[in-house]
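Quick notes on the structure that follows.
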Amino acid sequence: MKSIEIALKMETDAVKFYTEASQKVFHPAGKKMLLTIAEDEKNHIKMIEEVLKGLELTIRESTPIKTVKTIFEEMKDQMMERLKAKEDELEAFRVAMDMEKEGIEFYKKVKDEVNTEKEKKLFERLIYEEEQHYKIFSETYTFLKDTGNWFMWKEFSIVEG
């Protein structure tokens, strides 16, 4: 199986996992976060499919960090009610971080092995976006684990560089 076909499978699996996980997570911020990232992964599938069909790669601008910041700002009052995340919700975010990390490592490895500039550009973009996803999931995990301290330390600066 070629690298690009593996990437398509990875992205398809990610959409399925994040969608299913969102149905099991009760914390409103966690649920929205998973659905937002699932939509990003669907865009990755579209980009991969374009390259597989020999079409020009269309970079779909994605702003998951801005979207996440908006989610957190809009849901501040709900989040400050100190909804405690359950252990299985935290596990979903640990698994999500692992999935994104594995994706990043795979895409970095194959980026230099591909034959076309389109594929290289695709993998560079996927690395960039998966790194953002990892950071978002990491911040969300920390937030869900200890909301009060998270707000005290972050003061709404989630995932800002």
Exercise for the section: Mind counting the residues in region 89-107 that are in contact with a helix residue (DSSP H, G or I) (Cβ under 7 Å, 6 or more places away or on another chain) and open to solvent by 100 Å² or more (accessible area, probe 1.4 Å)? Expected result: 1
Handout entry: Count of residues meeting criterion [modelled with pLDDT of 90 or more, among the β-branched types (Val, Ile, Thr) and buried (at least 22 other Cβ atoms within 10 Å of the Cβ)] in region 12-34
Key = 0
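Does LYS9 satisfy being open to solvent by 30 Å² or more (accessible area, probe 1.4 Å), at pLDDT 90 or above, farther than 20 Å from GLU91 by Cβ and in a helix (DSSP H, G or I)? Break it down into steps so the answer makes sense when it comes.
Details: open to solvent by 30 Å² or more (accessible area, probe 1.4 Å): yes; at pLDDT 90 or above: yes; farther than 20 Å from GLU91 by Cβ: yes; in a helix (DSSP H, G or I): yes.
Answer is yes for this residue.
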Exercise for the section: Please state which one of ILE48, ILE37, ILE65 is closer than 25 Å to GLU124 by Cβ, modelled with pLDDT under 80 and buried (at least 16 other Cβ atoms within 10 Å of the Cβ). Expected result: ILE65
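The values are calculated or read from the model by the stated rules, or taken from the named source; none is laboratory data. What you see is a predicted model; the values in this text were computed from it and never measured. Methodologically, a virtual Cβ is constructed for each residue, glycine included, from the backbone with ideal geometry; neighbour enumeration extends over all protein chains shown. Note: accessible area is taken over every heavy atom of the protein model, side chains too, but ligands, DNA and RNA are not part of it. Shrake-Rupley method; radii C 1.70, N 1.55, O 1.52, S 1.80 Å.
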